[in-house]
Amino acid sequence: LPVSGDSIRHRFIDFYASRGHKVLPSASLVPDDPTVLLTIAGMLQFKPIFLGQVPRQVPRATTAQRCIRTNDVENVGRTSRHHTFFEMLGNFSFGDYFKKEAIRWAWELSTVEFGLPADRLWISVFEDDNEAFEIWHDEMGVPVERIKRMGEDDNFWTSGVTGPCGPCSEIYYDFHPERGYSDTDLNDDSRFIEFYNLVFMEFNKKDDGSLEPLKQKNIDTGLGLERMARILQKVSNNYETDLIYPIIEKTSELAKVPYGLADDHSKLNLKIIGDHLRAIVYLISDGVVPSNIGRGYVVRRLIRRAVRTGRMLGIKGDGQGNLEGAFLPVIAGKVIELSTHINPDVKDRTPRILEELKREELKFVQTLERGEKYLDQMLVEALLSAKASRTVPRLSGKDAFLLYDTYGFPIEITAEVAEERGVSIDMTGFDIEMENQRRQSQAAHSAVKLAMGTSAELTKDVPDTKFLGYETLSATAVVES
Ligand code: ATP
Ligand code: MG
Ligand code: MG
Ligand code: MG
């Protein structure tokens, strides 16, 4: 039997525990840090230590950190390796060991503990990091052909706009060594997968972008659990590992679409559900409530996308015969079943999680059904008038905005549905409408404030937030008011 995801987590933690690392629990997905919306990496809970703001309790630590990366939402199911929710296994040094030990242990973990063939492993280093290059080459014996120097985008890690950072070095697994050494791109998802990143954390990036050396040199690493599981379980993408596949199977059952027989589009949709349901359950478990602002909006957007995706798969009602019911709680049940070793608190929070999901789904379905009818009419008209005028079918910015504003249809959903029907959207027009509304609502807010203080009654129909998380690097997504 292939090695389970749970045992990979276990073996990673044990490996570093037996090398003097204190085993610490995962932090919440809601960070104790006002500059970051959600926990995007294992290092986040240690940021104040790296910055020298609080003294270290131990010199070395190891964790299995649950993470959310909304900036990868568009990659979900489209690449074989990205999720919005994943677990990052990490080993950390707080001014203790540095490059040499970090590299040596990462290599030993990969090649001995997990038994990956050394000739399948490729390395990236920051372009001018000769020291790391030499350790990999001279001490680990990695041939120069498999060590790539890469630029800032890939190999200089920062946790956000400001904060601790440094050059990094990554380990990649090669699924197709027969393709040889010429013309290789480590980001080519069909051949390589990055699974381990070692950050040599030496700097603090300041507001003005300058790099200030930290008092101590630190190590911050992250190994993607789902990615290692995919390699060791020899499946063709992360979704088929034992960490996620049972959720897909449950969804398949409700949709009556067996994964193995599904076409590409349905497969993508099954993967989206497999991904989003994990994110949603763990976010709600950590206290995030669906809303129109900040983290609440992240979870609301994920829930809405999951609901729509389920409907595209043909799931009706609760998927088990009750047409008035909700299906997300049914799939969430499977996610919770799998949660024991990821976060034991989730099980205790089951009633609250399921209740929240049910309420949010049923509310959204109502809006969705009204909006879908309306969008359908708009698309038919767009197609007809394009045919009549022999032009390309296009939905106006005004119409897209109406759907957004009145029916709460996220623009991505409108775009997705329109695209499926061969209709494009005037995004520039949509942006102009958004901007107009923003200005009007600001004016309305001040007018209301001037006239009668802040009256909830008067402002309640004025959307006052714009979500920037999917457009900007959402590690630090902000919500404008
Ligand atoms: P990629 O280049 O594949 O997007 P990354 O360089 O952005 O990954 P890091 O910030 O270096 O990722 O994170 C450390 C490790 O966490 C990665 O090497 C990978 O194993 C894992 N990881 C990162 N992002 C994701 C994700 N969206 N889903 C699953 N695992 C991830
Ligand atoms: Mg990435
Ligand atoms: Mg990378
Ligand atoms: Mg990386």
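The values are calculated or read from the model by the stated rules, or taken from the named source; none is laboratory data. Everything numeric in this text was worked out from a predicted model, so none of it was measured. Note that we place each Cβ from the backbone using ideal geometry, even for glycine, and neighbour counts take in every protein chain shown.
See the values below:
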{"read-out": "Residue among 203, 192 that alone is surrounded by 17 or more Cβ atoms within 10 Å (Cβ to Cβ) and either among the β-branched types (Val, Ile, Thr) or more than 29 Å from residue 8 (Cα to Cα) (or both)", "value": "203"}
{"read-out": "Residue among 346, 380 that alone is over 28 Å from residue 440 (Cβ atoms) and under 28 Å from the mean Cα position of the chain (by Cα)", "value": "346"}
{"read-out": "Some residue of region 49-60 being at pLDDT below 95, in contact with a strand residue (DSSP E or B) (Cβ under 7 Å, 6 or more places away or on another chain) and not hydrophobic (A, V, I, L, M, F, W, C)", "value": "yes"}
{"read-out": "Complete set of residues in region 146-176 that are of a type in the set (Asp, Glu), within 16 Å of ligand 2 (Cβ to nearest atom) and at pLDDT 95 or above", "value": "170"}
{"read-out": "Single residue of 132, 118, 106 found to be modelled with pLDDT of 95 or more, over 20 Å from residue 230 (Cβ atoms) and away from ligand 2 (no atom under 16 Å from the Cβ)", "value": "132"}
{"read-out": "From 289, 299, 335, residue being surrounded by fewer than 22 Cβ atoms within 10 Å (Cβ to Cβ), under 19 Å from the mean Cα position of the chain (by Cα) and modelled with pLDDT of 95 or more", "value": "289"}
{"read-out": "Residue among 12, 46 that alone is among the aromatic types (Phe, Trp, Tyr) and more than 26 Å from residue 230 (Cβ to Cβ)", "value": "46"}
{"read-out": "Only one of 226, 240, 194, 249 that is closer than 26 Å to residue 337 by Cα, within 15 Å of ligand 4 (Cβ to nearest atom) and out of contact with any Gly (no Cβ under 6 Å at 6 or more places or on another chain)", "value": "226"}
{"read-out": "Filter result (more than 19 Å from residue 429 (Cβ to Cβ) and in contact with a helix residue (DSSP H, G or I) (Cβ under 7 Å, 6 or more places away or on another chain)) within region 369-408", "value": "370, 408"}
{"read-out": "So residue 296, is it free of Cβ contacts under 8 Å to residues at least 24 places away in the same chain, out of contact with any Lys or Arg (no Cβ under 9 Å at 6 or more places or on another chain) and within 21 Å of residue 276 (Cβ to Cβ)", "value": "yes"}
{"read-out": "Residue pairs meeting the criteria (Cβ under 7 Å; at least 6 apart or on separate chains; first of a type in the set (A, V, I, L, M, F, W, C), in region 397-424; second surrounded by 15 or more Cβ atoms within 10 Å (Cβ to Cβ) and not in a helix (DSSP H, G or I))", "value": "400/425; 403/409; 415/425; 418/395; 418/425; 423/393; 423/394; 423/395"}
{"read-out": "Whichever residue in region 36-93 is within 15 Å of ligand 2 (Cβ to nearest atom) and among the basic types (Lys, Arg) and, among such residues, is nearest to the chain's Cα centre (by Cα)", "value": "69"}
{"read-out": "Hey, residue 411 among the aliphatic types (A, V, I, L, M), touching a helix residue (DSSP H, G or I) at 6+ places or on another chain (Cβ under 8 Å) and under 18 Å from residue 74 (Cβ atoms) or not", "value": "yes"}
{"read-out": "Filter result (more than 17 Å from residue 120 (Cα to Cα), more than 9 Å from ligand 1 (Cβ to nearest atom) and either among the hydrophobic types (A, V, I, L, M, F, W, C) or in the same structural domain as residue 275 (by TED's automatic domain parsing) (or both)) within region 199-237", "value": "200, 201, 203, 211, 214, 219"}
{"read-out": "Out of 116, 109, 38, 89, sole residue that is in a helix (DSSP H, G or I) and within 16 Å of ligand 1 (Cβ to nearest atom)", "value": "109"}
{"read-out": "Flag if residue 395 is over 23 Å from the mean Cα position of the chain (by Cα), closer than 21 Å to residue 327 by Cα and of a type outside the set (Phe, Trp, Tyr)", "value": "no"}
{"read-out": "Residues (near ligand 1 (Cβ under 9 Å from one of its atoms) and either acidic (Asp, Glu) or closer than 14 Å to residue 119 by Cα (or both)) located in region 173-198", "value": "189, 194"}
{"read-out": "Test: residue 265 is surrounded by fewer than 16 Cβ atoms within 10 Å (Cβ to Cβ) and more than 16 Å from ligand 4 (Cβ to nearest atom)", "value": "yes"}
{"read-out": "Whichever residue in region 192-234 is outside any strand (DSSP E or B) and in contact with an Asp or Glu (Cβ under 9 Å, 6 or more places away or on another chain) and, among such residues, is nearest to ligand 2 (Cβ to nearest atom)", "value": "227"}
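Listed here are the residues, each with its yes/no results for (1) aliphatic (A, V, I, L, M); (2) touching a residue at least 40 places away in the same chain (Cβ under 8 Å).
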{"position": "109", "(1), (2)": "yes, yes"}
{"position": "116", "(1), (2)": "yes, yes"}
{"position": "131", "(1), (2)": "no, no"}
{"position": "136", "(1), (2)": "no, no"}
{"position": "139", "(1), (2)": "no, no"}
{"position": "147", "(1), (2)": "yes, no"}
{"position": "151", "(1), (2)": "no, no"}
{"position": "169", "(1), (2)": "no, yes"}
{"position": "173", "(1), (2)": "no, yes"}
